[in-house]
Amino acid sequence: MPRHKACCNTHAEPPGRRQHTAMCQSMPRGLRERVTMEVVSQRPLGVSESLYYFYQVPLFTSVSGEVHWEESRVASSGWVVLLFSHSGVPDSLAAQVPKDLEIKVKFLVTANDLAAFLTNRPCCLFLFSLDLLPSKEGEDLTKCFLLRVVNILLHYIEKTFSDKSKILDFHHPHQLLEGLDGFDLELSDHPESLEQLLVDCTDTLKYGVKTGHPRYFNQLSSGLDVIGLAGEWLTATANTNMFTYEIAPVFTVMETVLLKKMCGIIGWRETEADGIFSPGGSISNLYGILVARYKQYPEIKARGMAVLPCIVLFVSEQGHYSIKKAAATLGIGTDNVIEVKCDERGKMIPAELEKNILQAKRKGQTPFCVVATAGSTVFGAFDPLHDIADICETHKLWMHVDAAWGGGLLLSRKHSCKLSGIERADSVTWNPHKLMGVPLQCSAVLTREKGLLGACNQMQAEYLFQPDKVYNINFDTGDKTIQCGRHVDVFKLWLMWKAKGTYGFEVQIDRYMELAKYFYKVLKKKDNFKLVFDAEPEFTNVCFWYFPPRLKHIPKSFERDQELQKIAPKIKAQMIVEGTAMLSYQPCGDKVNFFRMVFSNPATRQTDVDYLIDEIQRLGKDL
Ligand code: ABU
């Protein structure tokens, strides 16, 4: 604990009712009503100066878990300090305060005395955000506060990586809304103390989900990369906006470096290609469709959909639902998204695509775009990109590849062939926050033709994008987007790339592929598990059913499936309640609820995979 130097507010005033109220409000809930605060002062004091400190006697030495409440005297000054609280342990501790104990705080210090008192002691600060920088002399307190925040985060990070920790401490939404153990989500008119904010930070993490836990398999984005995390912290500290070079000189140039790198990996001529980082794969897909339409119909920008024929686009039935969202958002309409049939592995059937295009034309519709999927959400399927590119060329259609999930596989020399043909796409969505493990969020849309994004979206707002700036305004990339303000998503990716090198990503991704193969092989040998596709996984998705003993020998029928449908949700519900693991499930077409295992978490080991299988059996055997 650094030596704390209390700061004086310029708006000093004698401690009075308002101050007293604020102090009480800053106390752990549940104690407020029982505390009498006596303010002793010979002179007017500022909020920061008249600090009430609650210093905890060795709470954790209490073997029984009881807290020993006592009074203590700060020898040098003779002040009486009542020792009764501990940062981060609010109402639960309050409940342990003996009922008959009269709680009196009679403690007032000046800045110097306080600093002496606090030296080398952990303390609970009854201070407020106004006491932090930019408050005058707020440096030390700011440092102290942020260090404590970092400590909270470090504690959480350590727990995240431990397979002894629970993944989550599940509560229902109404419980969170009602408030838990002093964790109150309601917002008040009065400021809360820094101490309370620290408790709130702890509780926010406590009731959240540890997505970096080795047994968290729930989403395509999982894991917690420490370098990426550092990148995110730095980004938040810089707190700037990506629209102009002027205010984000390093980040805008970094973005061009990354986009060039990614375009090069796709196989495009780096100098020609273009792109932008966007808020997630759905928006990147929307960009793909937006530029596809603009390329074909530039008049859309000024004149709108009224001047266009009935345009239609194609995506596989396993494609992401964001394509329909984009069609709805862009005024194309979800009815004009034609779903193309897939084979049993979930890959688009090229002959079906061709058939659908011809059918649409016969009906008087105007095809303009095909969205291929490289790594479908549920099955991890890769559409045959060369075949689709051939069809797009024949019919002069824009080819967008949704590689939000599968894009990372391009970094694996062993597995990148699964995306062969992506280089023929006109635009690509690629989310580094999925397979590459970059902290959320980090998604790019890339276009083979330079300048299209700008032409399609720019509005040349004069207050931002002045043409007569001192630097090369090509780096004012913000006008390429449909947004104005844009979060800096590039730094954490850039920093991770620096830390790992391209080969580091490759090793990580290849390991996920090995884990998927291992998982598949283990499941294949177990007679109470059944794979949705009985073939080696093409990606890290492995889809399967668990059959409890009572259903194991019943032949497939409507009634059996009705029962099987309930198994995965029940197992998952129990997993969540116990906090032991998390993975997702879904029905798909005629397939009733099945689990989707997916590997994208660097913390996961083979032992975690074995654990998951045992856990599913433990929770499911009596269902
Ligand atoms: N397509 C968004 C991610 C879905 C998933 O994590 O399962």
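The values are calculated or read from the model by the stated rules, or taken from the named source; none is laboratory data. Predicted model only: the values in this text are computed from it and were never measured. Cβ coordinates were reconstructed from backbone atoms using ideal geometry, including for glycine residues, and neighbour counts include every protein chain displayed. Protein only, heavy atoms only, side chains kept; ligands, DNA and RNA dropped before computing areas. Shrake-Rupley method; radii C 1.70, N 1.55, O 1.52, S 1.80 Å.
A compact table of results
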| quantity | calculated |
| --- | --- |
| Check on Leu435, surrounded by 24 or more Cβ atoms within 10 Å (Cβ to Cβ), in contact (Cβ under 8 Å) with a residue 40 or more places away in the chain and in contact with a helix residue (DSSP H, G or I) (Cβ under 6 Å, 6 or more places away or on another chain) | yes |
| Residue that is farthest from the ligand (Cβ to nearest atom), among those in the range 364-396 that are in a loop (DSSP other than H, G, I, E, B) and open to solvent by less than 10 Å² (accessible area, probe 1.4 Å) | Asp383 |
| All positions within the range 131-176 that are of a type in the set (A, V, I, L, M) and over 22 Å from Val226 (Cα atoms) | Leu132, Leu133, Leu141, Leu176 |
| Filter result (surrounded by fewer than 16 Cβ atoms within 10 Å (Cβ to Cβ) and in contact with a Pro (Cβ under 9 Å, 6 or more places away or on another chain)) within the range 604-616 | Arg605, Thr607 |
| Qualifying residue in the range 578-589 (condition: among the aliphatic types (A, V, I, L, M) and surrounded by fewer than 20 Cβ atoms within 10 Å (Cβ to Cβ)) | no |
| Residues of the range 484-510 classified as touching a Pro at 6+ places or on another chain (Cβ under 8 Å) and either modelled with pLDDT under 95 or open to solvent by 70 Å² or more (accessible area, probe 1.4 Å) (or both), total | 1 |
| Wholly enclosed helices (runs of 4 or more DSSP H) of the range 206-323 bearing at least 2 residues out of contact with any Leu (no Cβ under 8 Å at 6 or more places or on another chain) and more than 16 Å from the ligand (Cβ to nearest atom) | 226-238, 249-266, 300-303 |
| Residue match in the range 516-527 (condition: open to solvent by 30 Å² or more (accessible area, probe 1.4 Å) and modelled with pLDDT under 95) | yes |
| Residue in the range 147-166 that is closer than 30 Å to Gly437 by Cα, in contact (Cβ under 8 Å) with a residue 60 or more places away in the chain, surrounded by fewer than 19 Cβ atoms within 10 Å (Cβ to Cβ) and of a type in the set (Lys, Arg) present | yes |
| Meets criteria (hydrophobic (A, V, I, L, M, F, W, C) and either open to solvent by 10 Å² or more (accessible area, probe 1.4 Å) or free of Cβ contacts under 8 Å to residues at least 40 places away in the same chain (or both)) for Ile357 | no |
| Selection count, the range 456-483, where residues are in contact with a helix residue (DSSP H, G or I) (Cβ under 7 Å, 6 or more places away or on another chain) and open to solvent by 30 Å² or more (accessible area, probe 1.4 Å) | 8 |
